[in-house]
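Next up is a structure, given as structure tokens.
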Amino acid sequence: MGQSVSTAKLTSRRDCNRSQRSKSKSTALIGQMQAEEAEEVERNSIDGLSDIISVLPDECLACIFQSLTPGDRKRCSLVCRRWLRIEGQSRHRLSLNAQSDLHPHIPSIFSRFDAVTKLALKCDRRSVSIGDEALAQISEHCRNLTRLKLRACRDLTDAGMLAFAKNCKCLKKLSCGSCTFGAKGMNAVLDYCPALEELSVKRLRGITDGAAAEPIGPGVAAAASLKSICLKELYNGQCFGPLIVGAKNLRSLKLFRCSGDWDKLFPLIVDRVTGIVEIHMERIQVSDIGLTAISNCLNLEILHLVKTPECTNVGLGSVAEKCRLLRKLHIDGWKANRIGDQGLIAVAKSCLNLQELVLIGVNPTKISLEMLASNCQNLERLALCGSDTVGDAEISYIALKCIALKKLCIKSCPVSDHGMEALASGCPNLVKVKVKKCRGVTSEGVEWLRTNRGSLVLNLDTGEQLDASASDGGGAQDNGVEFPPMVASQIGAPSIASSSTGRSTSHKLLGLLSGMSLVACTLRRFGNSNGSSQS
């Protein structure tokens, strides 16, 4: 009996030693790792660390890699051949320096990263970018690509985009900026990529200006799936008119600094596209004629009017009267005084679901602010920037009437510490206040407000951080205000790979992933995902 037990122990010990030797072979480090680092890995395996990692399924280890930063993922790929393989196969996002010398390395790169679905190709503006042949070769390796971002790829032509579109028919999102291909290349994507949902174009230099410009669209994608179009800094943005008019499922239209008379195009757009819920217009030629046409978008929820001086109270009133589902309204009046109390009163009367209001370079008075506070009971986010008429009295009224207000931003307004005192007893749901470039507001006044309402997150324009949690990125900016979402977004896919490299010792790399809590948590996630998929 004793001999059998001792024999069993001896056999188990031999099996363990044999297992450890085989694991040390299978975890041979690649690259230029030193011999002492390999010995450190073997020493770590004695205490069972290697056993913990080795029993994890590939899918579970891939899940852990997806929780790491790009730099840590690269370091982990140097630990052993298995980690190298899993890290490459589990990477779905990749960002590459798209200079011409990338071309010879394309086969080796995409043989390792064979599961990439989101690709960014960015080139320095002073460098020679990849050409048509390289893009075609990439598309042959990434036929399941769903997202492509092109930046400053000036050597790409229509032929390269045609070859790419024919191979990547699953493409859902295309973003290109400072590229030189033209209408034929863009039409190729619209014709051969029927799943395309989002299109973002900035400074597309291959588009011919003037009456000779070739029209873009509509294409198969416009009729099938296209939901979002964003055009920026285009000399002849109206050549995209057929695409916009033909996009029957379009929900979001954003136009930034695109030349042309958009008053002529908006009536055609809203006549055929009825589901638009979001429109952004910045520095484009549009007037009340265009706003009157936009008012027929009865499902409109988000409207941005940024530096469009020909838009007045009349046009805004027309939109407010018909677009009663409006939730977010951003107006940058550019100090033109074309939009004021009259337009805002129309909004207050009709848009009762308004949740976010940003006024820049607009001079509302107590009359319009009173109606907005009284009627728009769901107003949660308010920004008042560059308004000469917003002082302590107006802030006091906002504090008294805006019960649902959660975030308030005040910038370049004649507000003093007395306005801050009014906020101390008003707006019971207020969680964040930002005050920028208001000379009458001192750090003492803001500190007094923080003392009386300790739960508030407060920011002062001097950069003084009065609360540890006041470092997020919302608030007023020079060209507008962007409020962060009220609910924290979940962490998505792994970050885009960086071009930087780094090295670390193997025991640090193994220690990064060896925490029992992390492994247990990942195992639970893996088990839950399997259970849900089977059900």
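What number of residues within segment 258-273 are under 21 Å from L329 (Cβ atoms) and open to solvent by 10 Å² or more (accessible area, probe 1.4 Å)?
So the answer is 2.
Here's a follow-up. Look at C258 and say whether it is within 23 Å of C376 (Cβ to Cβ), of a type outside the set (A, V, I, L, M) and assigned to a loop (DSSP other than H, G, I, E, B). It would help to see each step written out before you state the result.
Working: within 23 Å of C376 (Cβ to Cβ): no; of a type outside the set (A, V, I, L, M): yes; assigned to a loop (DSSP other than H, G, I, E, B): yes.
Against the criterion (within 23 Å of C376 (Cβ to Cβ), of a type outside the set (A, V, I, L, M) and assigned to a loop (DSSP other than H, G, I, E, B)), C258 does not qualify.
Here's another thing I want to ask about it. Any residue in segment 314-325 that is among the hydroxyl-bearing types (S, T, Y), surrounded by fewer than 24 Cβ atoms within 10 Å (Cβ to Cβ) and under 26 Å from L400 (Cβ atoms)?
Pass one, segment 314-325, residues among the hydroxyl-bearing types (S, T, Y): 318.
Now narrow it down to the ones that are surrounded by fewer than 24 Cβ atoms within 10 Å (Cβ to Cβ): 318.
Narrowing the set further to residues that are under 26 Å from L400 (Cβ atoms) leaves none.
No - not one qualifying residue is present in segment 314-325.
Please work out if K248 is open to solvent by 20 Å² or more (accessible area, probe 1.4 Å), under 23 Å from the mean Cα position of the chain (by Cα) and under 19 Å from K173 (Cα atoms). Write out each step before concluding.
Numbers: open to solvent by 20 Å² or more (accessible area, probe 1.4 Å): yes; under 23 Å from the mean Cα position of the chain (by Cα): no; under 19 Å from K173 (Cα atoms): yes.
Here the answer is no, as K248 does not meet what is asked.
Rundown of residues vs (1) out of contact with any helix residue (DSSP H, G or I) (no Cβ under 9 Å at 6 or more places or on another chain); (2) over 18 Å from I276 (Cβ atoms), yes/no style:
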position: E310; (1), (2): no, yes
position: G315; (1), (2): no, no
position: A320; (1), (2): no, no
position: R327; (1), (2): yes, no
position: D341; (1), (2): no, yes
position: I345; (1), (2): no, yes
position: L352; (1), (2): no, yes
position: L357; (1), (2): no, yes
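Give me the residue from segment 85-117 that is in contact (Cβ under 8 Å) with a residue 40 or more places away in the chain and open to solvent by 50 Å² or more (accessible area, probe 1.4 Å) and, out of that set, farthest from T157 (Cα to Cα).
That would be H92.
Which residue pairs have Cβ atoms closer than 8 Å, lie 6 or more positions apart in sequence or on different chains, and pair a first residue in segment 130-153 that is open to solvent by less than 30 Å² (accessible area, probe 1.4 Å) with a second residue that is β-branched (V, I, T) and assigned to a helix (DSSP H, G or I)?
A134/I106; I138/I106
Next question, about the same structure. Here is a check on your reading of the model: is L204 touching a residue at least 40 places away in the same chain (Cβ under 8 Å), under 23 Å from A163 (Cα atoms) and not β-branched (V, I, T)?
Values: touching a residue at least 40 places away in the same chain (Cβ under 8 Å): no; under 23 Å from A163 (Cα atoms): yes; not β-branched (V, I, T): yes.
For L204, the condition - touching a residue at least 40 places away in the same chain (Cβ under 8 Å), under 23 Å from A163 (Cα atoms) and not β-branched (V, I, T) - is not met.
The values are calculated or read from the model by the stated rules, or taken from the named source; none is laboratory data. Only a predicted model underlies this, so the values are computations on that prediction, with no experimental measurement involved. Counting neighbours? That spans all protein chains shown, and the Cβs are built from the backbone with ideal geometry, glycine included. With ligands, DNA and RNA removed, areas are computed over all heavy atoms of the protein, side chains included. Shrake-Rupley method; radii C 1.70, N 1.55, O 1.52, S 1.80 Å.
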